[in-house]
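The values are calculated or read from the model by the stated rules, or taken from the named source; none is laboratory data. In this text the structure is predicted, and so the values were computed from the model without any measurement. Glycine gets a Cβ as well: all are built from the backbone with ideal geometry, and neighbour counts include every protein chain shown. The protein model used for the area step is the full one, side chains on, heavy atoms only, and it has no ligands, DNA or RNA in it. Shrake-Rupley method; radii C 1.70, N 1.55, O 1.52, S 1.80 Å.
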Amino acid sequence: MKSHYSDPTTSQIVERRVLCVLVDNEPGVLARIAGLFSGRGYNIESLTVSETEHEKHLSRITIVTSGTPNVLNQIEAQLDRMVPVHRVVNLAAKASIERELALVKVSQNGPDRSEHRMEALRLATAFGAKTVDATLNSFIFELAGPADDVERFINLMTAIGLVEVSRTGAAAIGRGAEPM
Amino acid sequence: MSETMTGAEMVVRALQDQDVQHIFGYPGGAVLPIYDALFQQNSVEHILVRHEQGAVHSAEGYARSSGKVGVVLVTSGPGATNAVTGLTDALLDSIPLVCFTGQVPTHLIGSDAFQECDTVGITRHCTKHNYLVKRIEDLPRIIHEAFYVARSGRPGPVVIDIPKDIQFASGTYLPPGDMIHKSYRPRTEGDSSRIEAAVAMMAKAKRPVFYTGGGIINAGPEASRLLREFAKLTGFPVTSTLMGLGAFPANSPQWLGMLGMHGTYEANLAMHGCDLMINLGARFDDRITGRLDAFSPDSRKIHVDIDPSSINKNVKVDLGIVGDCAKVLAEMVRIWKEKKYQPEAEALKGWWGEINKWRGRNSLGYARSKDIIKPQYAIERLYELTKDRNTYVTTEVGQHQMWAAQHFHFNEPNRWLTSGGLGTMGYGLPAAIGVQKAHRDALVIDIAGEASILMNMQEMSTAAQYRLPVKVFILNNEYMGMVRQWQELLHGGRYSESYSQALPDFVKLADAYHAHGIRCADPAKLDDAIREMIDYPGPVIFDCLVAKEENCLPMIPSGKAHNEMILPDFAGEIGDVIDAKGKQLV
Ligand SMILES: Cc1ncc(C[n+]2csc(CCOP(=O)(O)OP(=O)(O)O)c2C)c(N)n1
Ligand SMILES: [Mg+2]
């Protein structure tokens, strides 16, 4: 009889995982979750949190993390055993929808100004971004979409005058009729 | 029945309702209302320690020897920060504690007030859970919940930080009800199909070993009883971690001794060579596994643990079962009997033959001496002279701790108390005080090192005040022996700062603490001296002068596998054993 494990943890491939964590919205709960990640050396790519069910004092935290499958399973188990945590769901394992909101400020100066302004607007239209602020030499776009789209949009804008970005990090939800 | 009372009174009433008889604490400005409430009643006895770290270790000793929740009460700021080491110790060794800390009044929180510290922030990482009470309405629920969280699931320490204005405020007290927590629901029943699969694997095993840990002790005496029964039914060998000693009787022929870094040759080789490992309430700690990629390479592994995060954390197992050890063992025993399983007798005989060959190496052997007390000999004699008594042993941390684990034998659970996970020097004396408080008539011995004992020596005053006849048995080698041993192993014998210089005269110190002092350096006089210690009706400090440069063997050097142990008959230079990579490990 041979054990099913022979490859040490280190040789495993690093994966990305989206976790939904339902917690009691009590003071300090976010510090607890963030502290777990820093204390045990886990990665956080993004973390979003907001109260979702006010009467029940429930908050929903979406964490995007990365690690080897062993580490990711360990993260889930560590989250799950915390006293204020109701549930931990691995959304990547299910069909799910992930969205992020970005506010992107571009400003145009210099000789290519009007050409850049046109291009910025064309790209915004192509990505379905809303123009939420404009001056004679700047725009602020609001883009909601998968993290990849946001990433591409920001990269394109870099070439035509990106000056500032604010991103929310991912919010995610499972597809279909069933709740988590 | 609800009643109106102050927050401080609620604390005391909740303690009564939680059936708490003893608490360990130290007063200060931010807990005065609670001390006042304690003053006005008689059912909860407060034991005044001499340092808050001592309070927490005492509560740990009390809890681990009695199976109850240990309770601590300290003031804000330095009171709370002094408790941190003890809380961390309890977290790593899964000891149920509730620690009340005073806090500055709510309107001053965040203002850097006198003796303010962010207690919930500081203790978040060293507690199972903690609470800051901001409203008097929440206080009774939080206290009862804290007791529930501390003792259920994988036990651990819980802190309740209570601002002083909340202690004065009045509100409605609620007695403990049925605890159904909103989010915290530890699983205690193991999955039955998995248990069945585990038992089927055991019935087919040819080279099995039970690897047991502190989880059996935490699951209560019934778990130890079931382990004995199951071991008898199967005939399998049993080894245990440092934390699990006593769950299985050391006088059983199936007992292999402790495993791990300073475990026996037979226990470690059985772990290395087994085809089925049955881990019951242990956590594959690095002191146990040694080099991970060479850990028990040919075995299938079953792991029973109440904490799901322990399963597959360090070692990937073939079958994990989340549940309380007592409940899972009861199921295992039932299924084994019901299915009329029989162990693989022929194969087991061969396995025991191998084990007995390893036993023949006598890995706990040592060179005896007529002139000087060998530390192992001192423990052997201490065991022989106390084994027929109602004895509890605590330890400090170092070589003496490992010698105690190797040479003092435990046949019952809850009799052995040591700081395993954190390795806290200074644990033993306050823990012994806690044990003695829970077991007035028992013989309680702290097996100590001369360096460790100085870390919480002040607690001798506590022992004197409460007439707790604890015996401090110091293996005095004039070295931080374990540090010295590692310096010999790793750093060419350059004993940097590990010599115990300017030691106090422990006999005089005993006198100063209203205790009895004994010194012994002669092996021929040791038995009489130990008897004198046992017979003395009060606390004793026994300064046992032992061989100074003895190494604690056997040993799995860091970075090595179980089958690469250094045995006592090793002839080479131990400084040559560990390679550069191993030297980086702890
Ligand atoms: C609080 C604390 N500080 C430091 C250490 C590191 N340490 C481990 S064993 C040891 C030496 C203990 O010396 P002693 O109490 O004399 O025991 P011996 O090893 O000589 O038996 C030290 C310093 C520790 N475990 N705990
Ligand atoms: Mg010493």
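Residues of the range A:108-122 with backbone nitrogen within less than 16 Å of a virtual label 7 Å along the Cα-to-Cβ line of A:Arg152, please, listed as ranges. From the range A:108-122, the list is A:122.
Taking the DSSP beta bridges with both ends in chain B, the antiparallel portion is around 10 percent. Checking the a/c ratio against 1.5 first, then a/b against b/c, what shape does the Cα gyration tensor give for chain B? Cα axes put chain B in the oblate bin. Each of B:Gly263, A:Leu156, B:Ala205 was scored by the projection of its Cα onto the charge dipole of the protein assembly as shown, and the greatest displacement toward the positive side belongs to B:Ala205; charges sit on the C-beta of Lys, Arg, Asp and Glu.
State the answer as a single residue: which of B:Gly29, B:Ala521, B:Pro175 lies farthest towards the positive end of the charge dipole of chain B, with beta carbon charges of +1 for Lys and Arg and -1 for Asp and Glu, about the Cα centre. About the Cα centre, the residue reaching furthest to the positive side is B:Pro175. Beta bridges per DSSP, both residues in the protein assembly as shown: antiparallel share near 45 percent.
Over the protein assembly as shown, dividing the summed -39,500 (n - 2.57) contributions of all DSSP H runs of at least 4 residues by the number of residues returns a 222 nm mean residue ellipticity of -10000 deg cm²/dmol. Between the range A:78-149 and the range A:151-175, the alpha-carbon centres lie 4 Å apart.
Kirkwood hydrodynamic radius of the range B:29-121 from all distinct Cα pairs, in Å? Mean inverse Cα-Cα distance, inverted, gives 13.9 Å.
If you plug the beta carbon distance of B:Glu384 and A:Ala126 into 1/(1 + (r/R0)^6) with R0 = 56 Å, you get a FRET efficiency near 0.05. Mind checking which of B:Ile47, B:His125, B:Ala14 is farthest towards the positive end of the range B:3-173's charge dipole, using Cβ charges of +1 (Lys, Arg) and -1 (Asp, Glu) about the Cα centre? Positive-most Cα among the choices belongs to B:His125.
With N as its number of residues, the range B:192-359 has a Cα radius of gyration that, divided by 2.2 N^0.38 Å, comes to 0.92. Rolling a 1.4 Å probe over the protein heavy atoms leaves A:Ile173 with an accessible area of roughly 100 Å². Around the Cα centre of the range B:192-359, unit charges on the Cβ atoms of Lys, Arg, Asp and Glu (plus for the first two, minus for the last two) sum to a dipole of about 280 debye. Placing unit charges on the Cβ atoms only, positive for Lys and Arg and negative for Asp and Glu, gives the protein assembly as shown a dipole magnitude near 1620 debye about its Cα centre. With Cα atoms defining each centre, the range B:16-65 and the range B:382-432 are spaced 24 Å apart in the structure. Could you tell me which of rounded, prolate or oblate describes the range A:97-174, using a ≥ b ≥ c as the square roots of the eigenvalues of the alpha-carbon gyration tensor, with rounded for a/c under 1.5 and, failing that, prolate when a/b is larger than b/c and oblate otherwise? Note, shape of the range A:97-174 comes out prolate.
If R0 is taken as 60 Å, the Cβ-Cβ distance between B:Asn251 and A:Glu15 corresponds to a FRET efficiency of 0.75. Simple spin-label estimate for B:Ser2 and B:Glu346 gives 7.3 nm between the two label positions (7 Å along the Cα-to-Cβ direction from each Cα). With both labels modelled 7 Å from their Cα along Cα-to-Cβ, the A:Ser38 to B:Ala200 distance reads 4.9 nm.
Accessible surface for the range A:20-176, divided over its residues, is 50 Å² per residue with a 1.4 Å probe. Bridging of B:Lys349 to lysines at a Cα separation below 18 Å is possible for B:Lys204, B:Lys206, B:Lys232, B:Lys357, once same-chain residues fewer than 8 apart are set aside.
Bridgeable lysines around B:Lys164 (alpha carbons under 18 Å apart, same-chain partners fewer than 8 residues away excluded): B:Lys134.
Under a model in which nothing but the beta-carbon of Lys, Arg (+1) and Asp, Glu (-1) is charged, the range B:375-545 shows a dipole of about 300 debye around its Cα centre.
Express the Stokes-Einstein translational diffusion coefficient of the protein assembly as shown in µm² s⁻¹, to the nearest whole number, given a Kirkwood radius over alpha-carbon pairs, 4 °C and a viscosity of 1.567 mPa s.
Estimated via Stokes-Einstein, D reaches 45 µm²/s.
Ignoring lysines fewer than eight residues from B:Lys374 along the same chain, the ones with Cα atoms less than 19 angstrom from its Cα are B:Lys525, B:Lys548. Computed extension length for A:Ser46-A:Lys105: 19.2 nm, one decimal, from 0.36 nm per residue of separation with the Cα-Cα distance subtracted. Buried between A and B is an accessible area of approximately 2100 Å², summed over both sides with a 1.4 Å probe. Both radii were evaluated on the Cα set of the range B:194-252; the Rg over Rh quotient, with Rh as the Kirkwood radius, amounts to 0.96. Under Stokes-Einstein, with the Kirkwood radius over Cα pairs standing in for Rh, what whole-number D in µm²/s applies to the range B:31-81 at 10 °C and 1.306 mPa s? In µm²/s, the coefficient rounds to 133.
For A:Met118, the solvent-accessible surface with a 1.4 Å probe is about 100 Å², rounded to the nearest 10. The fraction of accessible area contributed by carbon and sulfur in chain B is 50 percent, rounded to a whole number (1.4 Å probe; ligands and nucleic acids excluded). Answer rounded, prolate or oblate for the range A:15-68, using the Cα gyration tensor with square roots of eigenvalues a ≥ b ≥ c: rounded when a/c is under 1.5, else prolate when a/b is larger than b/c, else oblate. Cα axes put the range A:15-68 in the oblate bin.
Model label sites at B:Glu189 and B:Asp298, defined 7 Å from Cα along the beta-carbon direction, differ in position by 4.0 nm.
Computed from the C-beta positions of B:Asp178 and A:Asp112, the FRET efficiency with R₀ = 51 Å rounds to 0.10. Counted without the sites themselves, the longest stretch of chain A free of GluC sites (Glu not before Pro) in a DSSP loop having at most 16 other beta carbon atoms within 10 Å is A:56-180.
Report, for the range B:375-545, the % of DSSP beta bridges that are antiparallel, rounded to 5.
Values: 1 of 24 bridges.
Beta bridges within the range B:375-545, antiparallel portion: roughly 5 percent.
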